[in-house]
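Novice: Sharing a structure, written as structure tokens. Questions coming.
The values are calculated or read from the model by the stated rules, or taken from the named source; none is laboratory data. The structure presented is a predicted model; accordingly, all values stated were derived computationally and were not measured. For neighbour counting, all protein chains shown are included, and Cβ atoms are generated from backbone atoms with ideal geometry for every residue, glycine included. With ligands, DNA and RNA removed, areas are computed over all heavy atoms of the protein, side chains included. Shrake-Rupley method; radii C 1.70, N 1.55, O 1.52, S 1.80 Å.
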Amino acid sequence: MMNRPNPSNDRKPMQRFLLILLLLGLGLSRPVHAQYDSPAPSPVTAELFSELDSISPGESFQVALVLTHSGHWHTYYLNPGQAGFPPSVEWSLPEGFTADELQFPTPTLGEFAGAPFYGYGGKTWFISTITAPEDLAVGEKVEIKAEASWLACDEQCIPGDAELDLSLKTSTESTPNIGQAKGFKTANESLPQQAVNWSISAFANGSDIVLDLKTGNGAVDDLGDVHFFSSDSIEDSSKPQVISKTDDGFRLTFPRNPETDPAPSSVDGILKASNGWSNGSPSKGLALSISIQDAPTGSATAEPATNGPALGLPAILGLMFVGGLILNLMPCVFPVIGLKIMGFVQQAGHSRKKIVAHGLIFSLGVLVSFWILAGILLAGGIANWGGQLENPWVVYILLLVMLIFGFSMFGLFEIGTSATGVGSKLTSNDGLGGTFFSGVLATVVATPCSAPFLGTALGAAVALPPPLFMLAFTFMALGLSTPYLVLSFFPALVEKLPRPGPWMESFKQGMSFLLFGTAGFLLWVYSLQVFDQLNGQKGIYVMLGLTLIATAFWVYGRWNLPHRSSKARWIAKVTTLALLSIGFIAAKPSAVPANSELAGPTVTWEKWSKKKQDALIAEGTPVFVDFTARWCLTCQTNKAAAYTEKTAKLFEKFGIVALKADKTTTNPEIDAEIRRLGMTAIPVNVLYPNGSEDPVFTNTVLTAGYLQKFLEEHLAPAK
């Protein structure tokens, strides 16, 4: 019996075929065949286990296909997301035996090759139920054979397969496989459960599907992150899913796969909540198979999933227009306006029609320049209409743009210092052709001199589809060219313009705080995406990295000046580049997304309490307590350095329960315990080995090697 990939995946046949071909090409373009011809280990190994050592006639029992993934390699769920295919098994069973389809555990949401996927990492159990015939002869052995296949991906994709077998005894009474009992218990807990404490209904709302989740007795109050994994690809996995609170529970909204035709009539799959669904139950997944109803009355008030911009189109266009106007107030642009208009007047010989014609042609040059700029941004994928801020790299780059140009606006260093000189040369162009080119150069003059406004505008317009994105840039161009147009129609108004002066520099510095505010918002978004990386220590690297980047531009603006010696300028440039490089690397997103759950084993921390600590010690369980706080720099450095995958495996090997005593905020119980241990300050890391009430202290500063040796010394059995 074979568990095949879900046929619903064929709803995107060409797209999935090309994506899978691309993924396989990434792997097969390298010498992946060497995995068969050389001793290089496969990224995924397969095993077959039975929950019973012996079986009886007519009995049903579980058999598990166990896939162990190396490093960050992953395999796929029934619905792989964008591309891929799930593990499958073809059984060769003795006569009379039957096998059910594989049961897939609750998957995780990850990202590979720029696309989201639904899959598994680490050690994953796929369970099937096999039933023996009623007339099974006892006192013999039966052979169960399986041919398993899968697709594994990391930096490349490698299809894998394995031939596996089990030999089981037959008897009048079955006997359990004690060695695998814990594994089967954990595997069954990872399977989706029935919604005992929840009443769930589904309805269509335009192009979205909405799940209405009503709580019952025993349901948790905070679900955490929620995601629906359909088994038949009814959701658009490339778009975000939105959870919102209602009066009697929660509501999850997700966009329907536009290629599902006809529209789905039911919701089938797994609904996952990171905090679980029921108090006292470890399961994070609910099995769903419900019909989709018509939208209930009042459903329009629900918070819909949206992939559009937070602001309405009129507001965005208005902001773009104002942003273009503001470009004219920059010190390197404003003095050029009067000069340019007077140049029009001189070229036109005071003919009103010719002056207006020059103004219109100049504005056309500005428009064409902005259209070219918008086209470049579209071609480069900067404006791919929606979802950009889900990518931490996009948020990181936008954050740096806002921060760097904010420094420039504030006067830390200058961008485009030669712009005024270029602007004055524009007055020497003759004819309408020269005027058009002057409009092009005016854009070049304006954008580097005050590029922060361009960045701010991009942040507002980036979620628009391409036609509206081009329209937004058109409004920005009109904002930049409006003063020229108005003064072309009324050249006498040039005399009314305020004189350039110190007020312009003050205005520019004031505008920098808008950029710093935007950078602060992006840092908040970035923190939610990456701060949980590196065992929760990524936030420190981001802060230090941004500090180094700021220092780099301070050095550049302070010492890379014309009056400095060539040696000083050279040293400034080298120092700037070094600080920028270190800062950029420190603050950039890590390779594995914080929420991917596929980064290999990590130490699982439970909240410390004296009662929990004493209970675990009384049970004979080894306990490791970390007295820590977010404001303790040494504590955070210890976590980043010491709790590696190898360390986590030792915690798992010795059955250590890790307790975190977090005194980021005042906690009298933790303070009392620290004093009881004879300590006065954190960090304090203490081990209680195998039920011993006598604490063993680690060094204050931890490294991975030291901590691993420490655990081996105090927990390894005596030889």
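Novice: Using R₀ = 41 Å, calculate the FRET efficiency as 1/(1 + (r/R₀)^6) where r is the Cβ-Cβ separation of LEU677 and PHE516; round to 0.05. Don't skip to the answer; put the middle values down first.
Specialist: Working: r = 44 Å, r/R0 = 1.07.
After rounding to 0.05, the efficiency reads 0.40.
Novice: Okay, moving on. Using the basic label-point model (7 angstrom from Cα toward the beta carbon), what is the ALA704 to ARG569 distance in nanometres?
Specialist: Between ALA704 and ARG569, the simple spin-label model gives 4.5 nm.
Novice: How much FRET efficiency would the formula 1/(1 + (r/R0)^6) give for THR131 and THR68, where r is the Cβ-Cβ distance and R0 is 25 Å, rounded to 0.05?
Specialist: 0.35
Novice: Explain nothing, just compute: Karplus ³J(HN,Hα) = 6.51 cos²θ - 1.76 cosθ + 1.60, θ = phi - 60°, for every residue of region 636-650 in order, whole Hz, x for Gly and Pro.
Specialist: Once θ is set to phi - 60°, the couplings for region 636-650 become 5, 5, 4, 5, 5, 8, 9, 8, 7, 4, 5, 4, 4, 5, 5 Hz.
Novice: Given a cut-off of under 8 Å on Cα pairs at least six residues apart, what relative contact order in percent is computed for region 68-162?
Specialist: Values: 165 pairs, mean separation 35.8, N = 95.
It comes to 38 percent, rounded to a whole number.
Novice: Want the number for GLU95 to THR246: 0.36 nm per residue separation, take away the alpha-carbon distance, what's left?
Specialist: Extending this stretch completely gives an extra 49.0 nm.
Novice: Now for a separate question. Taking θ as phi - 60°, what are the ³J(HN,Hα) couplings along region 173-183 by the Karplus curve (6.51, -1.76, 1.60), each to the nearest whole Hz, with x for Gly and Pro?
Specialist: For region 173-183, the Karplus curve yields 10, 6, 10, x, 8, 4, x, 10, 4, 5, x Hz.
Novice: For region 74-82, just list the computed ³J(HN,Hα) in residue order, Karplus coefficients 6.51, -1.76 and 1.60, θ = phi - 60°, integers in Hz, with x standing in for Gly and Pro.
Specialist: Per residue, the Karplus-derived 3J(HN,Hα) values read 9, 10, 10, 7, 3, 9, x, x, 9 Hz.
Novice: Subtracting the Cα-Cα distance from 0.36 nm times the residue separation, let me have the gained length for LEU528 to SER266 in nm, one decimal.
Specialist: 91.0 nm
Novice: Which one of PRO80, GLY96, ALA148 has its Cα pushed farthest toward the positive end of the charge dipole of region 74-175, where Lys and Arg give +1 and Asp and Glu give -1 at the Cβ?
Specialist: With unit charges placed on the Cβ atoms, the residue in question is PRO80.
Novice: Under a 5 Å amide H to amide H cut-off, with H placed in plane at 1.01 Å, what residues pair with ASN177 once short-range neighbours are removed?
Specialist: Answer set, sorted by chain and number: LEU52, ASP53.
Novice: Follow-up question, since we're still on this one. How far is the Cα center of region 62-98 from the Cα center of region 153-223, in Å?
Specialist: 13
Novice: Would you mind checking which residues have amide H under 5 Å from TRP605's amide H? H placed 1.01 Å from N; only 5 or more apart, or other chain.
Specialist: none
Novice: Label PHE490 and VAL322 with points 7 Å out from Cα along Cα→Cβ: what is the distance between them in nm?
Specialist: Taking the two extended label points, one gets 2.2 nm.
Novice: Shifting gears a bit: How many nm separate the modelled label positions at GLU155 and GLU189, each set 7 Å beyond the Cα in the direction of the Cβ?
Specialist: About 3.6 nm, to one decimal.
Novice: Something else now. Tell me the relative contact order for region 111-234 as a rounded percent, counting alpha carbon contacts under 8 Å between residues six or more apart.
Specialist: In percent, rounded to a whole number, it is 17.
Novice: Quick one: dipole size for region 225-294, taken about the Cα centre, charges +1 on Lys/Arg Cβ and -1 on Asp/Glu Cβ, in debye to the nearest 20. Can you show the working numbers first?
Specialist: Values: 6 positive and 10 negative charges, 67 e Å.
Around 320 debye, computed over region 225-294.
Novice: Further question: With r defined as the distance between the Cβ atoms of GLU619 and ALA181 and R0 fixed at 22 Å, what FRET efficiency is calculated, to the nearest 0.05? All intermediate terms of the calculation are to be shown ahead of the outcome.
Specialist: Details: r = 19 Å, r/R0 = 0.85.
E between GLU619 and ALA181, to the nearest 0.05, is 0.70.
Novice: Let me ask another. Quick check for me: using +1 on Lys/Arg Cβ and -1 on Asp/Glu Cβ, what's the dipole size of region 83-164 about its Cα centre, in debye to the nearest 20?
Specialist: The dipole magnitude comes to about 300 debye.
Novice: Taking H as built 1.01 Å from N, whose amide H comes closer than 5 Å to the amide H of SER278, not counting residues under 5 places away?
Specialist: Counting only residues 5 or more places away or on other chains, the set is VAL220.
Novice: Further, regarding this structure: Holding the Cα-Cα limit at 30 Å, pick out from LYS567/LYS639; LYS239/LYS639; LYS141/LYS182; LYS182/LYS610; LYS284/LYS646; LYS214/LYS660 the pairs that are longer than that.
Specialist: Pairs exceeding 30 Å: LYS567/LYS639; LYS239/LYS639; LYS214/LYS660.
Novice: Got a sec? What order do THR700, THR666, THR576 fall in by accessible area at 1.4 Å, biggest, i.e. largest, first?
Specialist: On the way: THR700 80, THR666 125, THR576 10 Å².
Sorted descending by solvent-accessible area, the residues read THR666, THR700, THR576.
Novice: State the extension gain, in nm to one decimal, for the chain segment bounded by SER291 and ILE585, taking 0.36 nm per residue of separation less the distance between their alpha-carbons. Write down the numbers at each step before the final one.
Specialist: Values: separation 294, 0.36 × 294 = 105.84 nm, distance 4.89 nm.
Stretched out fully, the SER291 to ILE585 stretch lengthens by 101.0 nm.
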